[in-house]
Protein chains: 4
Amino acid sequence: MANTKYQYVKHFEEDERILLNTYFVVRIDGKGFHKFAEAHHFEKPNDIRALELMNRVAAEILKSYGDCVLAIGESDEYSFVFKRKTTLFNRRKTKILTTIVSQFTAMYVFYWAEYMPVPMQYPPSFDGRIVIYPSYQNIRDYISWRQADTHINNLYNTAFWALVLKGNETETAAEAILRGTLSKDKNELLFSRFGINYNNEPEFFKKGSVVIREKRDLILKRMEEKPDTISLSLTKEQVAALSEGSYETVVLHCDVIRDSPFWEEHPDLLD
Amino acid sequence: MANTKYQYVKHFEEDERILLNTYFVVRIDGKGFHKFAEAHHFEKPNDIRALELMNRVAAEILKSYGDCVLAIGESDEYSFVFKRKTTLFNRRKTKILTTIVSQFTAMYVFYWAEYMPVPMQYPPSFDGRIVIYPSYQNIRDYISWRQADTHINNLYNTAFWALVLKGNETETAAEAILRGTLSKDKNELLFSRFGINYNNEPEFFKKGSVVIREKRDLILKRMEEKPDTISLSLTKEQVAALSEGSYETVVLHCDVIRDSPFWEEHPDLLD
Amino acid sequence: MANTKYQYVKHFEEDERILLNTYFVVRIDGKGFHKFAEAHHFEKPNDIRALELMNRVAAEILKSYGDCVLAIGESDEYSFVFKRKTTLFNRRKTKILTTIVSQFTAMYVFYWAEYMPVPMQYPPSFDGRIVIYPSYQNIRDYISWRQADTHINNLYNTAFWALVLKGNETETAAEAILRGTLSKDKNELLFSRFGINYNNEPEFFKKGSVVIREKRDLILKRMEEKPDTISLSLTKEQVAALSEGSYETVVLHCDVIRDSPFWEEHPDLLD
Amino acid sequence: MANTKYQYVKHFEEDERILLNTYFVVRIDGKGFHKFAEAHHFEKPNDIRALELMNRVAAEILKSYGDCVLAIGESDEYSFVFKRKTTLFNRRKTKILTTIVSQFTAMYVFYWAEYMPVPMQYPPSFDGRIVIYPSYQNIRDYISWRQADTHINNLYNTAFWALVLKGNETETAAEAILRGTLSKDKNELLFSRFGINYNNEPEFFKKGSVVIREKRDLILKRMEEKPDTISLSLTKEQVAALSEGSYETVVLHCDVIRDSPFWEEHPDLLD
């Protein structure tokens, strides 16, 4: 029963490499998370604990891949951005993709109980894809695309669930009310009917989450000036105690579309 | 903050399809399972509970994909074979691969506690690949390749761990003793030094595991004639109570290299 | 001015292989041949000399690639079918494709004057593609597809140019007359209006051209029984003088859709 | 004989697109040109007429593709560089590649007699590939790589053929003499043994050929200051008669590795 006779089947394997000198994104999406969220009673429009679980997993991924320089997430989705010079797994596309999808999934299940109040009813799953971007502007635009999407979704969901949960509308009615409305209409509806000023909603929900490594001094400044734009398990004192010039992986909820201040504060993030 | 300006980045996405009318395999491999096995005190050379966990996950995958007709596994690896006519996810390669890798991982973590006596210390991960085979002979040879590999590995591991655990050899010494030996040498060593007749080792370990849907009557016959070649949570009586002609997903430990009896008993399995 | 500093650019090259154990077709199509045909006064509906030039080029290609077992052509298009076991250029897709496209083009220009009565006015060009087929039935269906296409096109063109050249219709009027007609309508129109029995049209035009290597005895039989289904520069006597069992590259105009007689006479052609 | 039954075979076709926003090169190489050059008595080390034929073909390609901004060639090889924003053939890789390879080949045969003193003995062929470069620096380095290669090859060939044609060495002996030598050794050998100052060799041979569209005034300046760095069928007077600001496709033999003067004079060439 030697296997030499059958080993030829190995030659049918392919090993595609990601084009050199390009940025790429590993984007992970929950499969059937509408149903999964219902089965686990996720709060609407945003379940803070479920989001924190996603952020925890994303931060762990970032920590384990030095060449993953930024992750951006919302809802059941996360995008991991890699440096254009990375040689991770020799840039083997399938190896990179499947490894990260698997690690993400494993951690989501593994850390579930640390964050969620109910036991996991059944195993969730995620699919993933790799998208390649050749230029700095392209990858910036990708990041902007995801954050603009977060804004649009969150405004919609905030209005929708206000109508359902506070306005006693059916889901069908809420959908009909919002159909065709513009951003300003939804802002107006939230304010006039529910007294909600959308601008005052948490940055966490409005901006989604951005995971990066940030320098101690920038973290401290942020904790002082805009504490709602950062989620970090460390206290200000603990951060201050870090050594000069050290970096910490942080989850931010700040604008990453405009150049200022984020990209000016992190000029080398993408190279 | 409309996202229309950035949506162009979606056009960088690719969507490769698997060539029509070909068989394909999704093969999943544990990453760093040597260390993972040690951290969780897996028994050597085979941890029956860890293998049963792998088999449980594989069986669940098979149950959820009608077009996955056979899975074959050993150790921390599993291969899922799909019908050549499947239109699963429109044959989108990345979608199929990442979904199955993610489901496999999620279930491995989720069902862990049902099988393993120690808590999971840290989340494991798997990588995956898709390999395409154009002909019936090719896919049969792939299956044979994996089972021949199981034989080779298990014989080696049985001898290696006999030397270490019963023979008081160091791992280095055991390796040196086995270096360059043929199958018959390992058989002889097992017998002369440890009184182990390798042929009497469990079929489960010698053949690995093969998951298929099998007809009630074949299952009953197997349970009567070769009960060590099947793992099934149902009793003979429960199987007998199934309706005439019905199929059940079973884990087998039988030869799938020779035509007879396996392939003669399942002539339509691969089409 | 050493080039070592720049050689890294070579690593951006890719080298895709054609999946092992699959048939593949190199299909070549004339670019802008409507205009090219007009500029060179091709006869309508079929210019026999231009077709013979195409056939000559195809035959030369077949002769230079032992693993190219059949070519099928019509109008300004030719498909070259390769054996599933071929290792030509190590199955490098781009190498195979570009080499054959280039050879085809070069020979078309080079042999032009041997066939055509007018000098070439400007250089023509062809594009090409490779299509992979995993099964015998698939490749047979590909061949049938091209011949069925020849039938459809030739019937249409015969009717169209009869209307224009013999019926004094404008091209626009001829198009309008044929719009929506079925095969039998076109047959009927040809017969009633022009006294043309389409069945009596040359096999060359009705079937297109199929280039294969054929055994001496089969060639002789064909020359005797159905001389209109073969184009060959050799006389019957010259063929008879070939050694027993020898093969000759021939251009046929016979049915390759039905099993009988073509595929029964050439049972091993595709293997 | 409807073809609907067979049309499914069309679904086996693939249509790969070139990643958006990347430069790409179509590189064409002569196949078996060593033999082809001998059969047509090409002069050694450089046959000016054969090179002018290559340049003519390259210039015609450049003229027919507005998005092809530069071509660089030597010997039997040519590289065509496309703008990163091009949408040529919807960026379909195979369509772009095969079309250009075919056009190149057709023109090479078609224009042969305008340049070469002997009739073409047999049709030559070329293979081709597409290489994708994501950044400005990468594409500049590609261009530098080809020109550095020209330098190395031409210095070698100049020395080799001096030894053979003027030094009465056999080809084997010439090869042995040059084995392991550095550039300065070859320069020294040319000077000491044959009185050849390599620096005084024609720019045409030392730099190879670069085809671009150049502004009238730059052309005029070049014709006056460095006439040996340009090949153009127009006279200075004809160029001067062109309208202000107009562009002409020219063949240059100048340095394209250093920034100055070429890239400073053509700052927008690659965008």
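The values are calculated or read from the model by the stated rules, or taken from the named source; none is laboratory data. Keep in mind that this is a model prediction, so the values were computed, not measured. Here the Cβ positions follow ideal geometry from the backbone for every residue, glycine too, while neighbour counts run over all protein chains shown. Side chains are part of the model used for accessible areas, which takes the heavy atoms of the whole protein and leaves out ligands, DNA and RNA. Shrake-Rupley method; radii C 1.70, N 1.55, O 1.52, S 1.80 Å.
Per-structure values
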item: Alpha-carbon centroids, the stretch C:23-51 and the stretch A:159-215: separation in whole Å; result: 62
item: Which listed pairs, of B:Lys83/C:Lys93; B:Lys31/C:Lys85; A:Lys35/A:Lys226; D:Lys31/D:Lys221; A:Lys85/D:Lys31; A:Lys83/B:Lys10, have C-alpha distances above 31 Å, in listed order; result: B:Lys31/C:Lys85; A:Lys35/A:Lys226; D:Lys31/D:Lys221; A:Lys85/D:Lys31
item: Exam field: D:Gly167 pseudo-label spacings to other copies (7 Å along Cα-Cβ), nanometres; result: 6.5, 7.7, 9.0
item: Cβ-based net charge around A:Lys95, under 13 Å, with every Lys or Arg adding one and every Asp or Glu removing one; result: +1
item: Computed [θ] at 222 nm, helices only, for the protein assembly as shown once each DSSP H run of length n ≥ 4 contributes -39500 (n - 2.57); result: -13000 deg cm²/dmol
item: Rounded, prolate or oblate (a/c below 1.5 giving rounded, otherwise prolate when a/b exceeds b/c) for the stretch D:23-168 by Cα gyration tensor; result: oblate
item: For B:Ala241, net neighbour charge (Lys/Arg +1, Asp/Glu -1) across residues whose Cβ lies under 15 Å away; result: -1
item: Cross-link partners of C:Lys184 among aspartates and glutamates (Cα-Cα below 19 Å; sequence separation of 8 or more within a chain); result: C:Asp149, C:Glu175, C:Glu201, C:Glu203
item: Options C:Met107, C:Phe24, C:Leu62, ranked by Cα towards positive dipole end of the stretch C:1-123, top entry (Cβ charges); result: C:Phe24
item: Protein heavy-atom accessible area occluded, C/D pair - total, 1.4 Å probe, Å²; result: 4700
item: About the Cα centre, charge dipole magnitude for chain C (Lys/Arg +1, Asp/Glu -1 at Cβ), debye; result: 780
item: Within the protein assembly as shown: Cβ-based charge dipole about Cα centre, in debye rounded to nearest 20 (Lys, Arg +1; Asp, Glu -1); result: 0
item: Dipole magnitude of the stretch C:16-134, debye to nearest 20 (Cβ charges: Lys/Arg +1, Asp/Glu -1, about Cα centre); result: 760
item: Residue-count net charge about C:Asp228 - beta-carbon cut-off 11 Å; Lys, Arg +1, Asp, Glu -1; result: +1
item: Modelled FRET efficiency - R0 35 Å, A:Gln7 with B:Ser233, Cβ distances, 0.05 increments; result: 0.50
item: Residue closest to axis [chain C; rotation mapping onto A; Cβ; Å]; result: C:Glu16, 4
item: Carbon plus sulfur fraction of accessible area for chain D, probe 1.4 Å, in percent; result: 50
item: Which of B:Gly167, B:Phe82, B:Asn46, positive extreme of dipole for chain B (C-beta unit charges); result: B:Phe82
item: Chain B, relative contact order [Cα under 8 Å, separation at least 6], %; result: 22
item: In range of the label at B:Ser64: residues from the stretch B:111-127 whose backbone nitrogen is under 16 Å from the point 7 Å along Cα→Cβ; result: B:111-112, B:126
item: Under 25 Å from B:Lys186, Cα to Cα: lysines that are on another chain or at least 8 residues apart; result: A:Lys5, B:Lys44, B:Lys166, B:Lys206, B:Lys207
item: Listed residues C:Thr249, C:Leu218, C:Trp263: farthest to the positive end of the dipole of the stretch C:212-271 (Cβ charges); result: C:Thr249
